[in-house]
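Following: one structure in C-alpha cells, then a few remarks.
The values are calculated or read from the model by the stated rules, or taken from the named source; none is laboratory data. All figures in this text were calculated on a predicted structure; none of them were measured in a lab. Positions of Cβ are generated from backbone atoms using ideal geometry, with glycine treated the same way; all protein chains shown enter the neighbour counts. SASA here: full protein model, heavy atoms, side chains in, ligands and nucleic acids out. Shrake-Rupley method; radii C 1.70, N 1.55, O 1.52, S 1.80 Å.
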Amino acid sequence: MMKKERLIGSDGKLVTVNLASEVTGDGIKSLDELAGGLADNGKGSGWWSITAKGEESGFSSALDVGELFWDDGTLIPKSGDKCAFLEESEKADINSFSIEVSRSEIDVTTLSDKVKRYRSGKTDMTGSLEGITNLDITDAAGYIINNFIKVIRQSVSGTIIKNDVDGSPIYIKGVIQKSTDKGEKEAFIWAKVIILSSSLGASGEDAQNFSSSFRIAPGDPDPTLYIREVG
C-alpha cells in the first residue's frame, strides 16, 4: 500500500481527550504496569503527557513537561518521572475542522525610513468546528452544547442525569493523518481550547448542522504539531 503524503479531508478526524490519573515512575514498572496491566500486554500503549521529569529521567531529553510522546507500553519511567495517559474520544459528529494561524503586525516605521517597516507580534490561533448534530455525542458533558446549555437526560426507567453548563477548556487532537498502519505517519495538532460560540438548528430536509469556534485556552500546553512514524 502506498503511504499517504498528500492528505485529503477523509484522512483527518477530531478527537477530544481526557488526561487519565497521573502515574509515577519507580525505575521498575513499565507503562503497561503503571496503566494497570501486566508487563508487555499493551495496556500502556498510546499517547502520554509528561507531567514531571526526574533528574535522571526515562523520558526523551528532547521533551519538556507538558509535551506528548507515544509508546508501546514497554517504557520504564524512572524515579521522579510522572505522566498521564491520553484517553481519547473520537467525535463522529464532526465533518470538518480548521485552525487558522496568524501574527499581528506592529508598525515600527521611523521618520528616516523611506518604506514602512514592521515587526511581527505574537502568534494568534483561531479554530472552527462544523458537524452534524448527533444525540449523545454533540450533547455530551462538557462538549459543544453543554458548553453553553444545561443538559438533562431521562432514561426509559426514569433515571435522570443533569449536566450543568460546563465551559471548561477541553483538550483536542486535530488529526490531519489518522492512519496508524505500518509505514504511515500519524499527525495531529494538540491543543487545549475554549469553545467560544456554537450554533444549532433545523431546516427542511437538510441535516441538522452545527458550527462552533474556539480559541487557545490559558496555560499549558502550547499548541503543537506531532508527527509519528509508525513502525
In the structure shown, of K13/K185; K82/K185; K3/K182; K53/K91; K122/K192; K29/K82, the pairs separated by more than 20 angstrom at the C-alpha atoms are K82/K185; K53/K91
The farthest towards the positive end of the charge dipole of the chain, of the residues G158, S104, I145, given +1 on Cβ of Lys and Arg and -1 on Cβ of Asp and Glu, is S104
For the chain, the percent of accessible surface on carbon and sulfur atoms (probe 1.4 angstrom, ligands and nucleic acids excluded) is 49
In nanometres, the difference between 0.36 nm per residue of separation and the alpha-carbon distance of A92 and N41 is 15.5 nm
Answer in debye to the nearest 20: the dipole magnitude of the chain about its Cα centre, from +1 Lys/Arg and -1 Asp/Glu charges placed on Cβ, is 640
Residues meeting the amide H criterion for S79 (H placed from the backbone, H to H distance under 5 Å, 5 or more places apart or on another chain) are G27
Taking a crude spin-label model, label points 7 Å out from Cα along the C-beta direction, the T51 to T224 distance in nm is 1.6
Restricting to lysines and to Cα separations under 17 Å from K162, and discarding same-chain partners fewer than 8 apart, the set is K150
Stretched fully, the stretch from D72 through V108 gains (0.36 nm per residue minus C-alpha distance, one decimal, in nm) 7.9 nm
Per residue, accessible area of the stretch 1-151 with a 1.4 Å probe, heavy atoms of protein chains only, in Å², comes to 62
Of the candidate values (1) 61, 48, 29; (2) 71, 60, 42; (3) 64, 39, 30, the one computed for Cα extents along the principal axes in Å from this structure is (2)
For the stretch 76-84, Karplus-derived ³J(HN,Hα) couplings (6.51, -1.76, 1.60; θ = phi - 60°; whole Hz; x for glycine and proline) come out as 10, x, 8, 4, x, 7, 9, 7, 9
For the stretch 101-110, Karplus-derived ³J(HN,Hα) couplings (6.51, -1.76, 1.60; θ = phi - 60°; whole Hz; x for glycine and proline) come out as 10, 8, 10, 6, 10, 10, 6, 10, 5, 10
Expected max-MSF residue from Y143, Y118, Y171 in the GNM of the chain (alpha carbon, under 10 Å) is Y118
Residue separation between A20 and R6 times 0.36 nm, minus their alpha-carbon distance, gives in nm 1.7 nm
Quick calc: nm separation of the 7 Å Cα→Cβ label points for V65 and A84 -> 1.3
Once both label points are put 7 Å beyond Cα along the C-beta direction, the S203-K116 separation in nm becomes 3.8
Computed over the chain, the relative contact order (Cα-Cα under 8 Å, seq sep at least six) in percent reads 19
